[in-house]
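Bear in mind that the values in this text are calculations on the coordinates, not laboratory data. Computed from a prediction, not measured in an experiment: that's the story for all the values here. No Cβ is skipped: glycine too gets one built from the backbone with ideal geometry, and neighbour counts run over all protein chains shown.
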Amino acid sequence: MTDKITISTFQLFAMIPDAETARAYLEARLWPQGPRCPVCHSCERITARPRGFYRCNACKEDFTVRTGTIFERSHVPLHKWVYAMYLLVTARKGISSLQLSKEIGVTQKSAWFMLQRLREACGKDLTMLQGLVEIDETYVGGIEANKHERDKLKAGRGTVGKQAVLGLREKGKGGRVKAVKIDSTDAGTITDVIVQNVAVGSTLHTDEAQAYGDIGGLFFDHATVNHSNGEYVRDGVSTNSIESVFAVLKRGLIGVYHHASPKHIGRYVDEFAFRLNEGNVARHTLERLDSFISRVAGKRLTYKALIA
C-alpha cells in the first residue's frame, strides 16, 4: 500500500484487470484462512477444482467465492463487481444505474440489480451507537416538480407521498451514523428504533417533537432544543450533525438517483449510512473497499425477491 490514501480507477484496473485476478482478490479477503465452505462452514477437507470451484469433502458441496454472497448466480464478471463496489464507496452521493451501466458495459437493468445487491450488503449494521447521540426524522421523495402530471398528488407542502426516515448519529469526529426507514413517526415506532440501535446509558439530543417525549427515564439521558422557537443550539445540545446527514442523503436522492420508491428506499438509506461510516476519505481506498467486501457474505438477494 502506497503512502497515498486514494487510488485511481487506472490503478484499480492495473491491480484487478480481469475476472481471475478479481476472484483471487475476493478469496483473499473473504477467506483469509483459506477456502471456507458456505454450507457447513468448514475450512478443512477442501479440494480445489478448476475455474475457481471447490469441493467440501465434509458435506459434499461444491462452491465458489460467489456462493452465499451478493454475487451468487450473477453472470457479471467479478472484476466488474469489484469496480462497482469501488465506485459506490468513493462516490460521495452514489452512482446511478445508468452511469454504472456505461462504466462497466452492462445493461441498465443489470446495473440496477447490481446496485440493489450492493445496497443489501450495506444494511444490517449491528453496532450499537453510544455516548452523545443526535436523533431526528425527515421525509424523502415526493417532489412534485419532478413528476409527470398524472402522478402529481397536488397535496401541497408536507409529508403526503413521502417516506419517513429516522436518523441517529454519534456526536463528535468519526461518530457513526444509522438511518432507518420507518412507517410511522409515532412515539412507539421511534422508541423501538432507538432501543434497538443505541446503547443504554447514552445521552440523546433531539428536537421538541412529542414522539421523543418519553425516551429518557431509566435507559437514556435526554436533552432537547426547541426548533419551533428558533433554537438550534443550547449548551452543546443540537441536532445539527444528523441534519447534515439528511442533507447529503437528499442531495444524492434528488441529484443522482432522482427517484427511489418507498419499497426500495430502505436500501438507499443503508447505502448512504454505510458510506458515511466506512467511506471516510481519510481512510485508504482499499481499506474502504475491504470494509464493503467484508459485508457481502450471507446477503444474497434474488431478482424475484427484489421485485416481488
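Laid out as a table, the results:
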item	result
Rounded to 5, the percent of DSSP beta bridges in the chain classed as antiparallel	70 percent
Dipole of the chain, positive direction: furthest Cα of Ala305, Pro77, Val140, with charges on the beta-carbon	Pro77
Leu98-Arg51 FRET efficiency (beta carbon distance; Förster radius 30 Å; 0.05 resolution)	0.40
Rounded FRET efficiency, nearest 0.05, which uses the C-beta distance separating Leu126 from Lys60 and R0 of 41 Å	0.80
Rounded if a/c under 1.5, otherwise prolate or oblate - the stretch 67-145, Cα gyration tensor axes	oblate
Antiparallel DSSP beta bridges within the stretch 132-269, percent to nearest 5	65 percent
Cα shape, the stretch 132-269, gyration tensor, a/c 1.5 rule	prolate
Dipole moment magnitude, nearest 20 debye, the stretch 167-269 about Cα centre, only Lys, Arg, Asp, Glu C-beta charged	700 debye
The chain - charge dipole about Cα centre, Lys and Arg +1 at Cβ, Asp and Glu -1, debye rounded to 20	1460 debye
(i) 146; (ii) 126; (iii) 172, with the label sought being that of the calculated volume of the Cα convex hull per residue in Å³	(iii)
Euclidean distance between Cα centres, the stretch 118-134 to the stretch 220-253, Å	19 Å
Nonlocal amide H pairs with Glu61, under 5 Å, H built at 1.01 Å	Cys56
Whole-angstrom gap from the stretch 29-86 to the stretch 177-197, using each part's C-alpha centre	36 Å
Partnerless Cys - the chain, beta-carbon criterion under 4.7 Å	Cys43, Cys122
Cα gyration tensor category, rounded, prolate or oblate, for the stretch 13-105 with a/c compared to 1.5	prolate
